[in-house]
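Below: one structure, written as C-alpha cells.
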Amino acid sequence: MATVTAAGLTVALTACGGSDDSPSAGASGDASSAAGSDDSAAGSDDDGGGGDAGAALATTAEIPEGGGKVFADQKVVVTQPSAGEFKAFSANCTHRGCAVQSVADGVINCPCHNSNFSITDGSVQGGPAPKPLPSVPITVEGDSISLA
C-alpha cells in the first residue's frame, strides 16, 4: 500500500509540477536550484531561462510598450518598459519555479502563488518570491528580438 501511495504522490506532484511548481527543487528546496535545474529545455543557462542563443523570439512590434510577452517554450519573458527599451527575464518564478504566465499593468505575473515582478528590472513587486527574476541577454537588431 505504501508503494501505491508513494506512486500516487509522485503522480500528484508531477501533475502539479507542469503548471505549478516545476521544475522541482533539489533536495535543499532552494528556489534558485529549481529555476535552473531543467537544462534540457532551457539551454545551459543557470538562471532557468534563455533557450537557444541566437533564436529569434519576436519583432519589436509584438512587445507592447509598458507590457511584455511570455515565450513559454524558451522560458523567457520579454518586456518593453518604455518606448524602444527591451528587457528579458527568466520566465521561471523565483518562489517555486513556476512559469510566469502574463504581463499586465507593468508587472510580470506568476499564477501559482501570485508573485509579481517589475517589467523594468525583474524585481519582486508582490507575493512570496524571494528574489528578482534573473535577466536573460537579448539582442535587438532592426525590428527583430533574439536571444543573445
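The values are calculated or read from the model by the stated rules, or taken from the named source; none is laboratory data. Just so it is clear, the structure is predicted and the values come from calculations on it, not from any experiment. Using ideal geometry, Cβ is built from the backbone for each residue, glycine included, and neighbour counts are taken over all protein chains shown. Remember, those area values only see protein heavy atoms, side chains included, never the ligands or the DNA or RNA. Shrake-Rupley method; radii C 1.70, N 1.55, O 1.52, S 1.80 Å.
Points to keep in mind about this one:
- Among residues of region 75-97 that are basic (Lys, Arg), those with a Cβ under 6 angstrom from a residue that is not in a strand (DSSP E or B), sequence gap 6+ or separate chain, pair up as Lys75/Ala42; Lys75/Gly49; Lys75/Ala91; Arg96/Asp21.
Residues are listed down the side, and each one gets a yes or a no for (1) modelled with pLDDT of 95 or more; (2) assigned to a strand (DSSP E or B); (3) within 15 Å of the chain's Cα centre (by Cα):
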| position | (1), (2), (3) |
| --- | --- |
| Gly49 | no, no, yes |
| Ala53 | no, no, no |
| Glu65 | yes, no, no |
| Gln80 | yes, yes, no |
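Listed here are the residues, each with its yes/no results for (1) touching a Lys or Arg at 6+ places or on another chain (Cβ under 9 Å); (2) under 24 Å from Ala148 (Cα atoms); (3) among the acidic types (Asp, Glu).
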| position | (1), (2), (3) |
| --- | --- |
| Gln80 | yes, yes, no |
| Glu85 | no, yes, yes |
| Ala88 | no, yes, no |
| Ala91 | yes, yes, no |
| Val100 | no, yes, no |
| His113 | yes, no, no |
| Asn116 | no, no, no |
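- Residue list for region 67-78, filter: closer than 14 Å to Ser146 by Cα and in a strand (DSSP E or B): Lys69, Val70, Phe71, Val76, Val77, Val78
- Selection within region 91-105 - of a type outside the set (A, V, I, L, M), open to solvent by less than 30 Å² (accessible area, probe 1.4 Å) and either closer than 20 Å to Glu62 by Cβ or assigned to a loop (DSSP other than H, G, I, E, B) (or both): Cys93, Thr94, Gly97, Cys98
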